[in-house]
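Read through the structure below, which is laid out as structure tokens, and then see the notes.
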2 protein chains.
Amino acid sequence: MIQFEALFKISYGLYIVSSGNENKGNGFISNTFFQVTAEPPRFASCCNKDNHTASIIKDTGAFSVSIIHTDTDPDIIGRFGYKSGKDTDKMAGLNLKYGKTGVPIVLNDCIAFLECKVIQTIDVGTHLMFIGELVQSEIIDDTKEALTYSYYRKIRKGVAPKNAPTYIDKSKLVSNPFAIEYKKFECTACGYIYDEADEDTRFADLPDEWVCPVCGSEKSDFIEVQ
Amino acid sequence: MIQFEALFKISYGLYIVSSGNENKGNGFISNTFFQVTAEPPRFASCCNKDNHTASIIKDTGAFSVSIIHTDTDPDIIGRFGYKSGKDTDKMAGLNLKYGKTGVPIVLNDCIAFLECKVIQTIDVGTHLMFIGELVQSEIIDDTKEALTYSYYRKIRKGVAPKNAPTYIDKSKLVSNPFAIEYKKFECTACGYIYDEADEDTRFADLPDEWVCPVCGSEKSDFIEVQ
């Protein structure tokens, strides 16, 4: 048996992985970034082949990783997690610095960053895994906690976008006998669906100050959908 | 600049990665296990080349991953995290089941497990990365929280063993101007060092019920060392 709920027990952080240069930069929200060796310090970053940033990392041969905190602005998550850089300039208006390899480093809501030079690219199927050697790393804000995927799902009610390594088709989850009672609510601004079947809290029980985890719209901007 | 403290901000879980068969099984504590593709579900596990389990995974072509909870018995962490299976039978006396590939799956303190068949082995330097395709996965206990590396470090005061991908030589950390005031305490049972320079709490301020994160010995079993 494959019980997909078990996969939700794996722990991840959430990061902005960026690449490019001063003229054209792009980035995406990733939860699969991790250290693979200590000596020398090497890291792996997993990226969907269809992801615009994947082709930029291939061209640039380097990437940066911004570790974001638990209070990260929903606009940052919406911008990097649910939009493509093919259509928009994701870096516009952000607080950026440029690394030793020239890649942009997003400093908004960032508690620490790392910059890596790609030394190996591995094809793992739908995704590429970039192995990078550490070029520089720095703490930006030591007062805040890193945003984890678990916190994002439980507290901020977010879901993985379709091209994430951890995206799970809800139809694969073991069906809940009470599922028929659950309702769905859609954000009229960005289309995000709050599906009670996936959540610990009924939509009506969410606090009034709750906002769309993707675009930051207010609870009153949601409508019930089938 | 490389500021190694920034690496502590990356989020990880803690897992028992096991391999072998009914006659001879072995496992180790890993913090680098993660999903790399959704379709089909594939996972990566990073393992030091010197690690006894690495050679068993190579021979067996499969591995299991037990996701352990925050109250995991210190004996389990000590057994799998700080001892080699070359010298001891780590599986002795444990609650095991055997997977579809024949590998042992540790059920002690386990909230969910996954079993994977290795489809690719990547050399990333000191470590091997095994890419595995999901064979089965199951929730064992949905009432407990997964143990994270951050929780292990902050709450349980644990440190990464030397062959972990995330091991950091303390001499590389930016020196603390007050470090000269910090003291070290050694567990007389297992040799674990509680170094105040790495911790948020002075040894004297730890509660009396605090135990060695490696072997579970009592606070009174520690002696001050230079």
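The values are calculated or read from the model by the stated rules, or taken from the named source; none is laboratory data. This one's a predicted model, so the numbers in the text were calculated from it and none came from an experiment. Virtual Cβ from ideal backbone geometry, glycine too; neighbours counted across all protein chains shown.
So if I check each of B:N48, B:N21, which one is at pLDDT 95 or above, surrounded by fewer than 23 Cβ atoms within 10 Å (Cβ to Cβ) and more than 8 Å from chain A (Cβ to nearest Cβ)?
B:N21
Can you name the condition, by its number, that B:G81 falls short on among (1) touching a helix residue (DSSP H, G or I) at 6+ places or on another chain (Cβ under 9 Å); (2) closer than 22 Å to A:Y12 by Cα; (3) away from every other protein chain (no Cβ under 14 Å)?
Failing condition for B:G81: (1).
Are there any strands (runs of 3 or more DSSP E) wholly within the stretch A:1-118 with 2 or more residues that are without any contact (Cβ under 8 Å) to a residue 12 or more places away in the chain, and if so which?
Output list reads A:33-37.
May I ask you to list pairs of residues, at least six apart or on different chains, whose Cβ atoms are under 7 Å apart, with the first in the stretch B:212-226 being under 12 Å from B:I193 (Cα atoms) and the second being assigned to a helix (DSSP H, G or I) and β-branched (V, I, T)?
Here the result reads B:P213/B:I77; B:V214/B:I77, each pair linking the stretch B:212-226 to a residue that is assigned to a helix (DSSP H, G or I) and β-branched (V, I, T).
All but one of (1) more than 10 Å from chain A (Cβ to nearest Cβ); (2) surrounded by fewer than 19 Cβ atoms within 10 Å (Cβ to Cβ); (3) more than 29 Å from A:L128 (Cα to Cα); (4) in contact (Cβ under 8 Å) with a residue 24 or more places away in the chain hold for B:T121; state the number of the condition that does not hold.
(3)
How about the stretch B:107-127: which of its residues are under 17 Å from A:I10 (Cβ atoms) and touching a helix residue (DSSP H, G or I) at 6+ places or on another chain (Cβ under 8 Å)?
B:D109, B:I111, B:A112, B:F113, B:L114
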